[in-house]
Structure formats: structure tokens, C-alpha cells
Amino acid sequence: ADRGISDTPLAPVLRKLREQLADAREAWDQFATGGAVGLPRFQDKLAPLQRHASIDVWDDTKIRPGDDWADEIDRALQSCKVALLLISDGFLASKFIAEKEFPDLLTRHREGGMRVYPILLKDCMWELDPELARLQIKMAAGTQPLEACAADSAKLNAEMTRIAREVLAIIQGK
């Protein structure tokens, strides 16, 4: 596993970095490619808000090579009016989300500076997080994760359209 570095002082640091990269990659894969209800589907569903309602939809795929990713994420979190939280095992597993993004978003949400909009994307144990458990979670048909609609594209499309309309209403102050 650590051939060539196991006897160096850097071995523990490199092992930790390798673990963090593996965790980040797994979380990103679950978020970005989440099948029928992943990030690309939400990007498509929110595209009309960008075009017709002058709303900027941001996700970290907009970070360019050479950008300071932490600064870019922080800038986006500080300027957003609505933060969609796509709740899944990947979301819950992310140390960066748990320790940085989510607490910052909750603070702004509680101060009235923006709205947190959690969506149960995939079945997971979100209710174990005490802060997340306090929030009303958007679910398909009020009781299921959005992935439960994946087999019925019309039902999934209707749920995602409802979410996009609710986001628009929040931004417009309705």
C-alpha cells in the first residue's frame, strides 16, 4: 500500500491525504453522477431560472483550474439566496460539508440571510444529524427520497419541476 514511503516521515501525511482524496472522490461521484436525480438533472431543471428569471445557479463545477476552490465555494455560499442541499450518503459522508459548508449555511439561514432547502435525494440516515433533523426535508410525495421516482420519469420530472418552482418563489419572495 505505502511501498517506497512507509519508512519516511511523510508516510502518515500521505496516507491521510490519500484517505481524504478517496473520501472526497466518493462523495463527489455520488453527488455529481447520482443517476436520474443527480447534479446534472438539477442543473437542467434550474436552467430556465437562469435564462428567464435572471437567477444565477452555481455549483462547484464552475470552479476553474487554478481557482482557489475554498474561496470560490465560500464566495458562492455567502452570496446565495437559496442553498439546495442534495441529501444523500455522499452529502452526509463529506467532512467538508459537515464541518464547513453546512454550519455556515445554517448560520446564514437562521440569521435570515438565505434559505436552506434540503432535498432528500437518496435514502440515507439524514435524521441522525441533529441540525439536519430539525429542518423540514423536501421529499417526493412527502415521504420518499427523489430516487424513489427514478423508475417513473414523469413522476420524477413533476417532483423536480415542483422544486424548481418553489425555489423560484423563495427567490422572488413569494
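Some observations on this one:
- Unmet criterion (only one of (1) outside any helix (DSSP H, G or I); (2) at negative phi; (3) open to solvent by 30 Å² or more (accessible area, probe 1.4 Å)) for Glu166: (1)
- Filtering the stretch 41-86 to residues that are among the β-branched types (Val, Ile, Thr) and either modelled with pLDDT of 85 or more or assigned to a strand (DSSP E or B) (or both) leaves only Val82.
- Selection of the stretch 127-157 for residues being touching a strand residue (DSSP E or B) at 6+ places or on another chain (Cβ under 6 Å) and within 24 Å of Asp44 (Cβ to Cβ) yields Ile137, Lys138, Met139, Pro145, Leu146, Ala148, Cys149.
- Top-ranked residue of the stretch 71-97 - restricted to ones that are within 12 Å of Met114 (Cβ to Cβ) and more than 10 Å from the chain's Cα centre (by Cα), ranked as most open to solvent (accessible area, probe 1.4 Å): Lys81
- Considering the stretch 137-163, the residues that are within 16 Å of the chain's Cα centre (by Cα) and part of a loop (DSSP other than H, G, I, E, B) include one that is surrounded by the most Cβ atoms within 10 Å (Cβ to Cβ), namely Pro145.
- Residue in the stretch 87-113 that is modelled with the highest pLDDT, counting only those that are part of a helix (DSSP H, G or I) and β-branched (Val, Ile, Thr): Thr107
The values are calculated or read from the model by the stated rules, or taken from the named source; none is laboratory data. Computed from a predicted model, the values in this text were never measured in an experiment. Every residue, glycine as well, gets a Cβ built from its backbone with ideal geometry; the counts of neighbours run over all protein chains shown. For the accessible areas, the whole protein counts, side chains as well, though only heavy atoms, and no ligand, DNA or RNA atoms are used. Shrake-Rupley method; radii C 1.70, N 1.55, O 1.52, S 1.80 Å.
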